[in-house]
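The values are calculated or read from the model by the stated rules, or taken from the named source; none is laboratory data. All figures in this text were calculated on a predicted structure; none of them were measured in a lab. Here the Cβ positions follow ideal geometry from the backbone for every residue, glycine too, while neighbour counts run over all protein chains shown. We work out accessible area using only protein heavy atoms, side chains counted, and drop any ligands, DNA or RNA first. Shrake-Rupley method; radii C 1.70, N 1.55, O 1.52, S 1.80 Å.
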Amino acid sequence: MSLPHHNPLWMPYTQMKTATPPLQVDSTEGVQIHLSDGRTLIDGIASWWTACHGYNHPAIVSAIREQASRMPHVMMGGLVHQPAIQLADSLARFLPSDRNKVFLVDSGSVAVEVAMKMAVQFWRNKRGFWGDKNRFVCFQNSYHGDTTGAMSVCDPVDSMHSHFKGFLLEQFAHPIPDSESSLAAFRRFLARHEHQLAGVIIEPLAQMAAGMRFHSPQTLRSVFSVCQEYDLVFIADEVATGFGRTGSMFAFEQAKIEPDVVCVGKGLTGCSVGLAAAIACGKIYDAFHSDEPHHALMHGPTFMGNPIACAAANASIQLFETEPRLNQVASIESQLREQLAPLTSTPAVHSVNCLGAIGAVRMDREIDVPEAVQFFVDQGVWIRPIGDTIYLAPAFMIDQDDLHTLCEAISDFVHDR
Ligand SMILES: *Cc1c(COP(=O)(O)O)cnc(C)c1O
């Protein structure tokens, strides 16, 4: 069963004229996607990496149900509610510094927009006028979302936003410096542009949307310290990496750094309701905390802090305490290494890399994605490559047998090339 030809749904990132119609899903459960035609797929990518506890976790479903009957929504202008208070409290505690403040929004892209506005207005509030410090450093292969500000800090060449060049704000994209010499070049670059720069934005340890490109905690740590030398507002975009994906609750923890602003989203509600946040440290917040009305942060989405979404997020965060999620991620990492690493010797494979609950097999050329997806669906698994990379980023509670099936499917695929 597929999308009827005349249906007005416009699908994402899709050439509607030539694309294979999407598969219709009837229900989900654990790591399974049940299609309307009766087939079941084992999900290898957790719905864009959001389903950390698997689908339909009963604790999240009941929190949603309970909150929906009490109060589905109320505006946050002048009003507040317990689920948001509790969520802000939990999120603020995840950051190393104190006096953190949590700004709730409805999607990861908007969390990035808000983080960027925080950085720009931070300098404005501190200096009392609109200076030049309103541009950002970002990195090659970065992805930070689809809204206009977020698009401007995506990789300018390789991202899907390259055709909006001219429309977007001009930012500075730099390679992630991973050697002494490239770090020195990065430092010179910052020295040259410091007067224009509000901040820097990076996806800590894993650029997932670019096809799972990893850098080491040491690299992240040296990027952080060079940015500190030039006083840049350091934004860690943990929308994809937050909530356990790379093996720690947040990826930045592994580099022992203290970002100024952390964006979270994706896994926040355990794959249930859209919600994200920009979490600022006290140093940033202090620049907004004054007697001047115009020092306030000027942002406020209509559905900001939606109570159902907050209740889901609170239940999801609690599951990280009551269920052994990070241990499960560690087991997934060792099984991925064991099963995927041998594929390195396959002729069509460029490299295999694993980090936490992410396993990536990079081929030596671009993959025909529709053809690959069809191959995987025929094997009963849901895997959707990005560019030249086939990857797994499953739910953390996946059992060994299902993970084995997913790895076998990838192995069959690459041996078939
Ligand atoms: C997905 C993603 C975003 C955008 O989040 P949306 O909820 O899709 O707007 C931003 N940054 C990173 C690193 C992401 O992976």
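For this structure, a couple of remarks:
- For the criterion of being away from the ligand (no atom under 16 Å from the Cβ), surrounded by fewer than 16 Cβ atoms within 10 Å (Cβ to Cβ) and of a type in the set (G, A, S), A296 passes.
Each row is one residue, and each column tells you yes or no for (1) outside any helix (DSSP H, G or I); (2) aromatic (F, W, Y); (3) over 17 Å from L406 (Cβ atoms).
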residue	(1), (2), (3)
A330	no, no, yes
E333	no, no, no
L340	no, no, no
L343	no, no, no
F375	no, yes, no
R384	yes, no, no
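- Flag if G166 is away from the ligand (no atom under 11 Å from the Cβ), surrounded by fewer than 24 Cβ atoms within 10 Å (Cβ to Cβ) and either of a type outside the set (A, V, I, L, M) or in a strand (DSSP E or B) (or both): yes
- Here is the figure for segment 222-253: residues that are open to solvent by 10 Å² or more (accessible area, probe 1.4 Å), in contact with a strand residue (DSSP E or B) (Cβ under 8 Å, 6 or more places away or on another chain) and part of a helix (DSSP H, G or I) total 2.
- Among residues of segment 138-152 that are at negative phi, those with a Cβ under 6 angstrom from a residue that is surrounded by 24 or more Cβ atoms within 10 Å (Cβ to Cβ) and of a type in the set (G, A, S), sequence gap 6+ or separate chain, pair up as H144/A150.
- If you filter segment 389-404 down to residues that are assigned to a loop (DSSP other than H, G, I, E, B) and open to solvent by 60 Å² or more (accessible area, probe 1.4 Å), you find that the one that is farthest from L326 (Cα to Cα) is D399.
- From the options A173, A184, A150, residue that is of a type in the set (A, V, I, L, M, F, W, C), over 14 Å from F234 (Cβ atoms) and in a strand (DSSP E or B): A173
- Looking only at residues of segment 1-40 that are in a loop (DSSP other than H, G, I, E, B), aliphatic (A, V, I, L, M) and under 24 Å from P394 (Cα atoms), we find that the one that is modelled with the lowest pLDDT is M11.
- Complete set of residues in segment 234-260 that are of a type in the set (A, V, I, L, M), within 15 Å of L91 (Cβ to Cβ) and within 13 Å of the ligand (Cβ to nearest atom): A236, V239
- Qualifying position, being without any contact (Cβ under 8 Å) to a residue 12 or more places away in the chain and either away from the ligand (no atom under 16 Å from the Cβ) or open to solvent by 20 Å² or more (accessible area, probe 1.4 Å) (or both), among S47, S36, S90, S69: S69
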